[in-house]
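Here is the structure we will look at.
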Amino acid sequence: MTRFALLTATLAVGVGLASFAQTTPKALPVAKTASAPGAIFPKGDRAPSQNFTGEVYGYLLVKDDPAFNCVSGNVTFAPGARSNWHTHAAGQILMVTAGLGYYQEKGQPIRLLRKGEVVKALPGVEHWHGASPKQGMTHISLNVNTEKGIVTWGRPVTDQEYNSYK
């Protein structure tokens, strides 16, 4: 899978870091964009606009490989930024590490997300996630059982859908 394809897949989940050997300590690569003060991981690379609205950045934490069958990334959404509607064949886990965000499953109301919350998107459930209008959000995405596929992207979330939070 190319780095671009992995970036796209992981951001609905995550994004770009090489594997590191356990026996040889190495420095992390320098991120292309600065992290927010107090951030745990680098901000990473800009996410592709065909799958996201607004400024979204991702940094790959765990690269997919046959030993673990998972991909994990740190994803940072600027205020108002969000993913497109999408599904994960094996589901997705989101762990919010900073900010305030939204999560919505098709046919359900928007759920407000705060630092420390965990979301389990069940396999095949269409959903989207992103920042609130006035505050950014960062989450770690975990996509397991990647042998089943990682992400299937859908259409963008409309402003009407995004602004329907009550």
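Only one entry of Gly73, Gly107, Gly91, Gly80 meets the criterion of being of a type outside the set (Val, Ile, Thr), closer than 18 Å to Thr152 by Cβ and over 14 Å from the mean Cα position of the chain (by Cα), and that entry is Gly107.
Selection of first residues in region 34-50 that are loosely packed, with under 11 Cβ neighbours inside 10 Å and of second residues that are at pLDDT below 95, restricted to Cβ pairs under 9 Å at least 6 apart or on distinct chains, gives the following pairs, ordered by first then second residue: Ala34/Pro42; Ala34/Lys43; Gln50/Thr8. Checking each residue in region 107-139 for being free of Cβ contacts under 8 Å to residues at least 24 places away in the same chain and in contact with a strand residue (DSSP E or B) (Cβ under 7 Å, 6 or more places away or on another chain) picks out Arg111, Arg114, Lys115, Gly116, Glu117. The residue pairs whose first member lies in region 148-164 and is free of Cβ contacts under 8 Å to residues at least 60 places away in the same chain, whose second member is hydroxyl-bearing (Ser, Thr, Tyr) and open to solvent by less than 50 Å² (accessible area, probe 1.4 Å), and whose beta carbons are closer than 9 Å, counting only pairs six or more residues apart or on different chains, are Asp159/Thr53. Residues in region 133-166 that are of a type in the set (Ser, Thr, Tyr) and under 18 Å from Tyr57 (Cβ atoms): Thr138, Ser141. Restricting the search to region 108-139, which residues are under 21 Å from Lys43 (Cα atoms) and of a type in the set (S, T, N, Q)? If the condition is that a residue be under 21 Å from Lys43 (Cα atoms) and of a type in the set (S, T, N, Q), then Ser132, Gln135, Thr138 are the ones that fit.
The values are calculated or read from the model by the stated rules, or taken from the named source; none is laboratory data. Quick caveat, the model's predicted, so the values are computed rather than measured. Heads up, the Cβs are rebuilt from the backbone with ideal geometry, glycines too, and the neighbour counts pull from every protein chain shown. Note: accessible area is taken over every heavy atom of the protein model, side chains too, but ligands, DNA and RNA are not part of it. Shrake-Rupley method; radii C 1.70, N 1.55, O 1.52, S 1.80 Å.
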